[in-house]
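Take a look at the structure below.
The values are calculated or read from the model by the stated rules, or taken from the named source; none is laboratory data. Note that the structure is a prediction, hence the values are computed from the model and not measured. Counting neighbours? That spans all protein chains shown, and the Cβs are built from the backbone with ideal geometry, glycine included. Only protein heavy atoms, including side chains, enter the accessible area calculation; ligands, DNA and RNA are left aside. Shrake-Rupley method; radii C 1.70, N 1.55, O 1.52, S 1.80 Å.
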Amino acid sequence: MQQKPVCPYCNKLSELVKGNVVYSHRPDLYNKSFYICHSCDAYVGCHPNSTRPLGRLANKRLRTLKSVAHAAFDPFWKEHLMHRKEAYTKLAQEMNIPIESCHIGMFNEEQCEEVARICRNWKTTIRP
């Protein structure tokens, strides 16, 4: 069984819950698994049909910044300007981090902001 992630804000173990706890207004997510820290309002979803977290627990500000980072980054591979792995490899190089550590799901606030800045520069240099 997957070990419960530790909350990066309070250092307590998170709790494994179903989607209805995190997204009570989203019945389509009720059967999905999440780890949550109730005291910090930090949570992370799990890979489909598993209890393996998709990244790190994130509070509201980090969740917002991850959305911003994905909105900036994802078009480069979703619109076939490059393959997803190629996009993450290029991002890792520009961030000067190992490719194994390069995933928006694992990033902190500063790294998410850096992704958005890098992708704004890509928009001027990468054309379909």
Would you work out the charge dipole size for the chain about its Cα centre, treating the Cβ of every Lys and Arg as +1 and the Cβ of every Asp and Glu as -1, and quote it to the nearest 20 debye? 220 debye
Its Cα gyration tensor gives the stretch 67-119 an equivalent ellipsoid whose semi-axes in whole Å, largest first, are 16, 13, 9
The chain accessible area per residue, 1.4 Å probe, protein heavy atoms, integer Å², reads 63 Å²
Dipole size in debye (nearest 20) for the stretch 42-106 around its Cα centre, Lys and Arg Cβ +1, Asp and Glu Cβ -1? 320 debye
Net charge (Lys, Arg +1; Asp, Glu -1) of residues whose beta-carbon lies under 14 Å from that of Ile118, Ile118 excluded, is -1
Could you work out, for the chain, what percent of all Cα-Cα pairs fall into each 5 Å distance bin, beginning at 0 Å and stopping at the bin that holds the largest distance? 2, 11, 18, 20, 18, 14, 11, 5, 1, 0
In Å, the C-alpha Rg and Dmax of the stretch 54-93 are 11.6, 31
Accessible area in the full protein assembly, largest first, 1.4 Å probe, for Leu81, Leu57: Leu81, Leu57
The stretch 1-76: radius of gyration and largest Cα-Cα distance (Dmax), Å: 12.6, 37
At 1.4 Å probe size, with the rest of the protein present, what percent of the exposed accessible area of the chain is carbon and sulfur atoms? 51 percent
Kindly provide the helix-only [θ] at 222 nm of the chain, computed as the sum of -39,500 (n - 2.57) over DSSP H runs of four or more divided by all residues, to the nearest 500 deg cm²/dmol? -13000 deg cm²/dmol
